[in-house]
1. Arg196 - would you say it is farther than 24 Å from Arg215 by Cβ, among the charged types (D, E, K, R), part of a helix (DSSP H, G or I) and touching a residue at least 40 places away in the same chain (Cβ under 8 Å)?
2. Can you confirm whether His77 is open to solvent by less than 50 Å² (accessible area, probe 1.4 Å), at pLDDT 95 or above and in a loop (DSSP other than H, G, I, E, B)?
3. Can you tell me which residues in the stretch 177-205 are within 30 Å of Ala22 (Cα to Cα) and surrounded by fewer than 18 Cβ atoms within 10 Å (Cβ to Cβ)?
4. Based on what the data block shows, is Arg133 touching a Pro at 6+ places or on another chain (Cβ under 7 Å), on the phi < 0 side of the Ramachandran plot and open to solvent by 30 Å² or more (accessible area, probe 1.4 Å)?
5. Quick one: in the stretch 112-128, of everything that is in contact (Cβ under 8 Å) with a residue 40 or more places away in the chain and not in a loop (DSSP other than H, G, I, E, B), which residue is least open to solvent (accessible area, probe 1.4 Å)?
6. Assess whether Arg47 counts as being open to solvent by 10 Å² or more (accessible area, probe 1.4 Å), touching a strand residue (DSSP E or B) at 6+ places or on another chain (Cβ under 6 Å) and not aliphatic (A, V, I, L, M).
Amino acid sequence: MPAQPMLTLLAIRHGETVSNVANRYQGHNDSPLTETGRKQVSSLGNRMAKMEFDTLISSDLGRAQETASIIAGHTGHSVQTDSRLRERNYGVLEGLTVPEINAGHSEVLERLDVNDPDYIIPEGESHRQHYQRNVAAIEEIVSRKSGGRIALVAHGGVLDSLFRYVARLPLSQPRCFVTTNASLTIISHGIFYNTRRWVIETWCDTAHLAGIGQRFGLG
């Protein structure tokens, strides 16, 4: 039986946004890229123009679509969108900074700090709901491809879902990784260590951001 071809995901976090700079929760709320964010993504686009990939898929939120559009301007790809690649819905917290949340929704922040994956934020969603939505999108996208390379433009929380999915990390486990704006993560599915599995080849690579600036920002 011939070996199945390798499938690779190029997972990209959107560039720096106005809300990132202000340290505001974004979620399904939106915010445009800053000038620095556009420079970050343009530099990533230059890098990706030298990389081979078949498809470019983006979250349908504006900051992700703006990022994907800039990349597409360098690579020539058309941009497909999938709403399941959205950031977590942070409900009543969206648009607020941590001090503002402490002043008006401190009990919500306390529940988030406990890392209960089934806690549903008022008017929002739970970590588990978000994870399941992201994974459903990823598994469907992968099921349509027998191999090749797919670029996904999404959010910090979606990268969190990808990491947990590949590493089989429990949802209750606090993050042990950072998610940087305009970073490039490479995850592949193929034969590794004599078995077929997912592996993380690179995580939040920012080599292309030298001299531009980096930010870990929310969402």
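The values are calculated or read from the model by the stated rules, or taken from the named source; none is laboratory data. A quick note: this is a predicted structure, and the numbers were derived from the prediction, not measured. Here the Cβ is made from the backbone with ideal geometry for all residues, glycine too, and neighbour counts use every protein chain on show. What goes into the accessible areas is simple: the full protein's heavy atoms, side chains included, and nothing from ligands, DNA or RNA. Shrake-Rupley method; radii C 1.70, N 1.55, O 1.52, S 1.80 Å.
1. Numbers: farther than 24 Å from Arg215 by Cβ: yes; among the charged types (D, E, K, R): yes; part of a helix (DSSP H, G or I): no; touching a residue at least 40 places away in the same chain (Cβ under 8 Å): yes.
No, not satisfied.
2. Numbers: open to solvent by less than 50 Å² (accessible area, probe 1.4 Å): yes; at pLDDT 95 or above: yes; in a loop (DSSP other than H, G, I, E, B): yes.
In short, yes.
3. Pass one, the stretch 177-205, residues within 30 Å of Ala22 (Cα to Cα): 177-186, 202-205.
Phe177, Val178, Ile186, Thr202, Asp205 - these are the residues of the stretch 177-205 that are within 30 Å of Ala22 (Cα to Cα) and surrounded by fewer than 18 Cβ atoms within 10 Å (Cβ to Cβ).
4. On the way: touching a Pro at 6+ places or on another chain (Cβ under 7 Å): no; on the phi < 0 side of the Ramachandran plot: yes; open to solvent by 30 Å² or more (accessible area, probe 1.4 Å): yes.
No: the conditions fail for Arg133.
5. Filtering the stretch 112-128 down to residues in contact (Cβ under 8 Å) with a residue 40 or more places away in the chain leaves 115-117, 124, 127-128.
Applying the additional criterion that residues be not in a loop (DSSP other than H, G, I, E, B) yields 127-128.
Working: His127: 32, Arg128: 86 Å².
Only one residue tops the list, namely His127.
6. Working: open to solvent by 10 Å² or more (accessible area, probe 1.4 Å): yes; touching a strand residue (DSSP E or B) at 6+ places or on another chain (Cβ under 6 Å): no; not aliphatic (A, V, I, L, M): yes.
Against the criterion (open to solvent by 10 Å² or more (accessible area, probe 1.4 Å), touching a strand residue (DSSP E or B) at 6+ places or on another chain (Cβ under 6 Å) and not aliphatic (A, V, I, L, M)), Arg47 does not qualify.
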